[in-house]
Amino acid sequence: MHYQTALVQLPLVCEVAKTIVHTPEDAATICADLKELAQEAFHVLLLNTRNRLINRQMVSLGVLDSALVHPREVFRPAFLQGAAAIVLVHNHPSGDPTPSAEDVRLTRQLIQVGQVMGIKILDHVIIGRVTDSSRGFLSLRESAVCEFDS
């Protein structure tokens, strides 16, 4: 049997970002650039225990009306970067932020995976465009479409 040595580097100081994500508006502001994309993009906001932004990670870049998203790809950056919680964010190129049945199904699945992994999903924000009837995004937490961890 052969053993290999792995070198691991641990940071001595963790710089804390100043950006705090407390509301869906905060997440929508961070990801405002998604509203102009011609294809769906699925991002994850990685947060520390005080909801400070650690990083914004693109998980998937799809086509006009869908993006392939798997729990493994969503939680990999959260696990590797030590996130305590995440906010899911994706865009609808049509401009209408109304969640699809697939958006709701995926969110429920990811909430379950997060519970097993000990990483809270705080919200899923869908970015669209501002209209008379829309503020340009929709929060699945605020719309009570899914039951999120407290």
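Would you check if VAL130 is over 23 Å from GLU25 (Cβ atoms), surrounded by fewer than 16 Cβ atoms within 10 Å (Cβ to Cβ) and either among the β-branched types (Val, Ile, Thr) or touching a residue at least 12 places away in the same chain (Cβ under 8 Å) (or both)? When the stated conditions are applied, VAL130 does not pass them.
The set of residues in segment 30-44 that are in a helix (DSSP H, G or I) and surrounded by fewer than 18 Cβ atoms within 10 Å (Cβ to Cβ) comprises ALA32, ASP33, GLU36. Looking only at segment 106-117, residues that are exposed (fewer than 14 other Cβ atoms within 10 Å of the Cβ) and either free of Cβ contacts under 8 Å to residues at least 12 places away in the same chain or among the hydroxyl-bearing types (Ser, Thr, Tyr) (or both) come to 2 in all. Of all residues in segment 56-80, those that are modelled with pLDDT of 90 or more have Cβ atoms under 7 Å from Cβ atoms of residues that are in a loop (DSSP other than H, G, I, E, B) and β-branched (Val, Ile, Thr), 6 or more apart or on another chain, in VAL59/VAL69; SER60/VAL69; PHE75/ILE119; ALA78/ILE119. Of all residues in segment 87-105, those being surrounded by fewer than 22 Cβ atoms within 10 Å (Cβ to Cβ), under 19 Å from VAL59 (Cα atoms) and among the aliphatic types (A, V, I, L, M) number 1.
The values are calculated or read from the model by the stated rules, or taken from the named source; none is laboratory data. Keep in mind that what you see is a predicted model, and the values were worked out from it rather than measured. All Cβ positions, even for glycine, are placed from backbone atoms using ideal geometry, and neighbour counts span all protein chains on display.
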